[in-house]
Structures are given as C-alpha cells and as structure tokens.
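The values are calculated or read from the model by the stated rules, or taken from the named source; none is laboratory data. Computed from a predicted model, the values in this text were never measured in an experiment. Reconstructed Cβ throughout: ideal geometry from the backbone, glycine too, with neighbour counts over all protein chains shown.
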Amino acid sequence: MMPIYFLGLGFAIFAVGICGMVASRHFLVMMLSSEVAIIASTLLSTMFFYFSVNGDIIPLLLSLWSVASIEVMALVVVYRYLVKMEIGFDVTKMSNLKN
C-alpha cells in the first residue's frame, strides 16, 4: 500500500511546475517549470516502483538521474546556441506570426 502523502506531495510539485509553465512566457522560467514537473514525475514513478515491486531501487534512481542530467545539459546547449544566434526568447512575439 502506497502512503498517501507521497502521492499528495508528487501531485503538488507537479501542479506547481505546470502552473509555472502556464503563467510565465519567459524561456528560462518555462524550462525551470518543466524541470520541476519532471522532478515530480520522477518522485511519483520512484514511489510507485518502490512500493509496488519492493525490490532494489538503485538502478531505477540511477537511470532517472542520468536522464535528468542529460536533459539539463541539452537545455544549456540549446540556450547557449540561441543566445549565440541572437534569437529572442520572448514567446509573446510568437503569437504575431502568421501561418
């Protein structure tokens, strides 16, 4: 049986991440909010794995953390590339684009 406070904490952190993505239009804040949502999903999946399988959780944690670190490195590389190419990060201007 899974403790309810882990579920509540995971869903609360996920909701904060989603609200941050919806409320902000700045690139870095949106990426940080997506990371918060991914951390919450990692917490939920780890909790589910631990309480349903009752096995060794170390391989699951290592795989999740390696994927998260690769994602952060990719975001930093994309951000540096966009800054170098002098591309604006204001998402509000994208609404003016025509099809």
- Near pairs, Cβ below 6 angstrom, 6+ apart or cross-chain, from segment 54-74 (farther than 17 Å from residue 37 by Cα) to any residue that is of a type in the set (Phe, Trp, Tyr) and modelled with pLDDT of 70 or more: 57/50; 60/49
- In segment 1-52, anything outside any helix (DSSP H, G or I) and of a type in the set (A, V, I, L, M) is listed as 1, 2
- Item | Count - residues of segment 1-23 that are within 15 Å of the chain's Cα centre (by Cα) and either crowded, with 16+ Cβ neighbours inside 10 Å or small (Gly, Ala, Ser) (or both) | 8
- Task: For segment 31-41, indicate whether the set of residues that are at pLDDT 70 or above and more than 19 Å from residue 12 (Cβ to Cβ) is non-empty.
- Result: yes
